[in-house]
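> First the structure, then my questions, so here it is.
The values are calculated or read from the model by the stated rules, or taken from the named source; none is laboratory data. Since this is a predicted model, take the numbers as computed values, not measurements. Cβ sites come from the backbone with ideal geometry, for glycine too, and all protein chains shown count toward neighbours. Please note that ligands, DNA and RNA were not included when accessible areas were found on the heavy atoms of the full protein model with its side chains. Shrake-Rupley method; radii C 1.70, N 1.55, O 1.52, S 1.80 Å.
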Amino acid sequence: MTGDDVRWSPPDVSPDSYIFSSTKSGLPSNPLLMPSIGNGNIATVIYRDRIFMNGLYNGAGKQSHRAAIPALNLLKIRDTLETDVFSLNCLTGTFTHEQHRDGVRVVHSVYAHKTIPSLLVNHISMSRVESEEETLIQLQGGTDFHSPDLVMEATAASISTECFTGKILVRESEDYQLQISSIHIVMDKLPEEIELPSGQESICFTFIMSIDVTKERSLAQYTEGKRLAASSALYQLHCESWTGQWQESRIDVWSSDLLTTQTVYGCQYYLMSSLPSLSYYQSFAPGEFFGLSPESLAYGDMSEDDYLGHVFWDQETWMYSPFLLLQPQLAQSMLNTRLRVLNQARKNAVNNKVEGAQFPWEQGVSGIPVSPSDDCEKYELHINADISLAIRQLAYAIGSVSQELRQLAEELADFWMSRVTWLEEKKQFGIVGVMPPDEFNYPVDNSAYTNTAAKLSIQLPGELLSLFSSAEDASGTASAVYHKRADSYDMYVPFDETLKYHPEFDGYDIKNAGHNIVKQADVVLMGFPLCAETSTIVRKNDLELYEKVTTPNGPAMTWSMFCVGHLELNETSRAEPLFDRQLAQCTQPFKV
C-alpha cells in the first residue's frame, strides 16, 4: 500500500480539524483501527469486546500482558444505515454514532469519563425531526462474560444494576505484592430496545459502567455518575475537563491540508486519552500511573501482535517530549513510573553484576524484565540512557528536578560507569555487546547512539548539581567531584574520517548496504533528541547515508527523525517528502 492509499482511503468525511468521521462503508475493516476512548485509567477500542485498565496485568514474567476485562457495557444500534455517521470528537473525547430513521434523530455517544476515572458511559438521545409516531430502536448489548485473564464472577444484581468481580490468574512477579489483582464492576443493565413514545419530542438514556480495584470505590463512582446524569451534568463535566486540557496547551497547525491538521490533533488526543487527567472530580483520583505503552492504554493483551501494554523507551524518547513543553506535570508522571519500580531496578543491576539501577527493556507492573525477547532484554541497554535523557530534558525545560529524580540520575550514571570497557587501542571507554535502536544488528560493540547517550547519562549528575546546587553543596564540592568523575569517562564514538560520518557501530560498513540494512532511525538520533555536537557536514552525511539503507517498513518514528534532521539544517525541500512519508503512517478515517 502506498502512502497515498493510506492517507485517502477510506475517506474522513468530516470538515472539522478535531472531528474524524466516516459513513458505514468507510469504517475500517480491521477492528483494531477503530478509534479508542480512554481517560488514563481505563480505555477501549470502540466496538471491541475488551477493556483495559491502568496497572492491571496478567501472566508471570515474560508472559505478562494487559489483562482483558470483558466489555460488558458494549452497546450498539442493531440496524445501521449507509447514511449513518460515526465520529470521534477529539475536543470532547467522545465517539458518536448518529442515525436518522423514520423522522427521528438518534445519537449514541460513548466516552470514558475524564474526571471520574472508573466510568465508561453510553448515552443515547432520540429527538423528533418529522414523525409523531412511536419509535423503537433495537440495541445489541454486552459481550461474552469470559476473559482469558480474569476469573469473572457475578456478585449481585437488582432490577436495574449488575455487579461483578474479576481476579487475575497469575501475578507478574510473586515478589511484588502491590500488584493489582482484582477488579470490581458496577453497571446498569442494558436494554434490548429503547423507545421514543408517540407525541414526545425527545428522550435520553444513560448507561454507566464503573470499574475499580475496590468494591467501595467502584460503587461510589457509579452512584455519583448516576446522580450527575440525572441532572444532565455528567457529560458536561466530562466535556469541560477535556476542553479545559486542550485550552491549557496544545499544538495547532494552520495548513491548507486538512489531513495534516487532523493528524496532529489526533496524535495529541490518543496520547492524552492514555494519560492521567490533570484534575479529578471530588476524591476520585485513581491510584498510581503505571506508564505509557507505545500502542496506548486501549491495547495490550495476548491476542495482539503488539506491545502487550509494556513500557519501552518510546515513553521517554517519543511520547514524553511534547508533554514536557505543553503539560509538564504529565511528563513528570511518566518519569514517576520509573521511580515507582526503582527498588526492582536496583535488584536487576545486582542480578546482572553491575552497579546502580538497571531498568528492563520492557517494563510491566513490577519492574522485572518482561520482554518476550531474551535478546532485547539482554542487549538493548540504551533504555537506561533514554530515561536519563528525559531527566536532563526536564531539568532544562522547567528549571527544577526533584531529589528523587536526581538520585535516579546518579544510579543510572553508576550503571553506565560499571558497564563500560576500557579500549586500550583507543585510549577511551566503550560499551561492548549491545543492541542499538537498530534491532536488526546485534550484539554489536560501541553503538554510536548508545555510547553517546551513555556519556550524557554519566555527565548528568554533575550537571544537575551545577544547575541546582543545594545548601549542603554550597561550595560546589560535590558538583566538582561529579564533573571530574564524568570527565574521566571519555567515551569512544565510531567515526569514519574518510566519509565523514558515524558508522552505526564498530565494523559497520555503509558501502556494504546489502548486509547492513537498518531497521529504524538510529545514528540520526544523535542530532535529535541527543543534541550531540557535530559539524554540519557530518550531520548532513549521517542523514543522507542512512536514509538510503533504512528499511521503508520500519517503526513509525523513523521518517519524522530524518525530517527533523533536515529541518535542523534548513533543508526544507528534503524535509517535506519525509514529513509526508511519516504522515502516511496514519490510518484513515480515525487517524489511528
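> Mind checking the full-extension length gain between Glu304 and Ser373? Use 0.36 nm per residue of separation minus the Cα-Cα distance, one decimal, nm.
23.3 nm
> Using only the alpha-carbon atoms, what does the stretch 153-286 span along each of its principal axes? Please give whole angstrom values in decreasing order.
Answer, in whole Å and largest first: 61, 55, 28 Å.
> Quick check: residue separation of Asn30 and Asp252 times 0.36 nm, minus the Cα distance between them. What number comes out in nm?
Separation in residues times 0.36 nm, less the Cα-Cα distance, equals 77.0 nm.
> Here's another thing I want to ask about it. Under a point spin-label approximation (7 Å from Cα along Cα-to-Cβ), what is the Leu467-Val107 distance to one decimal in nm?
4.6
> Taking a threshold of 32 Å on the Cα-Cα distance, which of the pairs Lys455/Lys548; Lys167/Lys591; Lys353/Lys455; Lys114/Lys215; Lys62/Lys426; Lys24/Lys114 fall above it?
Where the Cα-Cα span goes over 32 Å, the pairs concerned are Lys167/Lys591; Lys62/Lys426.
> FRET efficiency for Glu425 and Ser283, Cβ-Cβ distance as r, R0 = 60 Å, nearest 0.05? Display every interim value, and only then the final one.
On the way: r = 63 Å, r/R0 = 1.04.
The computed FRET efficiency comes out at 0.45.
> Around Ser371, with a cut-off of 12 angstrom between Cβ atoms, what is the net charge of the other residues, counting Lys and Arg +1 and Asp and Glu -1? Walk me through the numbers before you get to the answer.
Working: positive: Lys62, Lys378; negative: Glu362, Asp374, Asp375, Glu377, Glu380, Glu439.
In short, -4.
> Taking N as the number of residues in the stretch 380-521, what value does Rg over Cα atoms divided by 2.2 N^0.38 Å take?
Taking N as the residue count of the stretch 380-521, the ratio is 1.16.
> In whole Hz, what ³J(HN,Hα) sequence does the stretch 58-67 give by Karplus (6.51, -1.76, 1.60; θ = phi - 60°), x for Gly and Pro?
Result, ordered by residue: 10, x, 8, x, 5, 8, 5, 6, 4, 7 Hz.
> Let me know the whole percent of all Cα-Cα pairs from the stretch 127-175 that are separated by more than 12 Å. Don't skip to the answer; put the middle values down first.
Numbers: 921 of 1176 pairs.
It works out to 78 percent of all Cα pairs.
> Sort the stretch 199-250 into rounded, prolate or oblate with this rule: let a ≥ b ≥ c be the square roots of the eigenvalues of the Cα gyration tensor; rounded if a/c is under 1.5, and if a/c is not under 1.5, prolate when a/b is larger than b/c, oblate otherwise.
oblate
> Counting only protein heavy atoms and a 1.4 Å probe, tell me what percentage of the stretch 484-551's accessible area is made up of carbon and sulfur.
Roughly 50 percent, rounded to a whole number.
> For the stretch 355-473, what % of the accessible area comes from carbon and sulfur atoms, probe 1.4 Å?
Carbon and sulfur atoms account for 48 percent of the accessible area of the stretch 355-473.
> Another question about this same structure. Just to confirm, what accessible area per residue do you get for the stretch 112-236 at 1.4 Å probe, in whole Å²? Please report the intermediate quantities before stating the final value.
Details: 6080 Å² over 125 residues.
Here the residues of the stretch 112-236 average 49 Å² of exposed surface.
> Here's a follow-up. Please report the relative contact order for the chain, taking Cα pairs under 8 Å with a sequence separation of at least 6, and give it as a percent rounded to a whole number.
Relative contact order of the chain: 14 percent.
> Take Ala154 and Glu134, extend 7 Å from each Cα along the Cα→Cβ direction, and tell me the distance between the two endpoints in nm.
2.9
> How much area per residue is accessible in the stretch 362-519 when the probe is 1.4 Å and only protein heavy atoms are counted (Å²)?
Details: 6440 Å² over 158 residues.
Result: 41 Å² of accessible area for each residue.
> Cα-based Rg of the chain per 2.2 N^0.38 Å, rounded to two decimals?
1.04
> Taking only the alpha-carbon atoms of the stretch 259-354, what semi-axes of the equivalent ellipsoid follow from 5 times the gyration tensor eigenvalues under a square root, in whole Å, largest first? Let's see the in-between values first.
Numbers: eigenvalues 128, 66, 43 Å².
After diagonalising the Cα gyration tensor, the semi-axes are 25, 18, 15 Å.
> Then there is this: Starting from the amide H of Asn54, placed 1.01 Å from N in the peptide plane, find each other amide H under 5 Å away whose residue is 5 or more places distant or on another chain.
Ile42
> Charges only on Cβ, +1 for Lys and Arg, -1 for Asp and Glu: so what's the dipole of the chain about the Cα centre, in debye to the nearest 20? Intermediate results must be reported in sequence, preceding the final value.
Details: 43 positive and 76 negative charges, 187 e Å.
Here the chain has a charge dipole of around 900 debye.
> Follow-up question, since we're still on this one. State the antiparallel share, in %, of DSSP beta bridges confined to the chain, rounding to the nearest 5.
95
> Once you put a point 7 Å from the Cα of Asp16 and another 7 Å from the Cα of Phe440, both along the Cβ direction, what distance in nm separates them?
4.3
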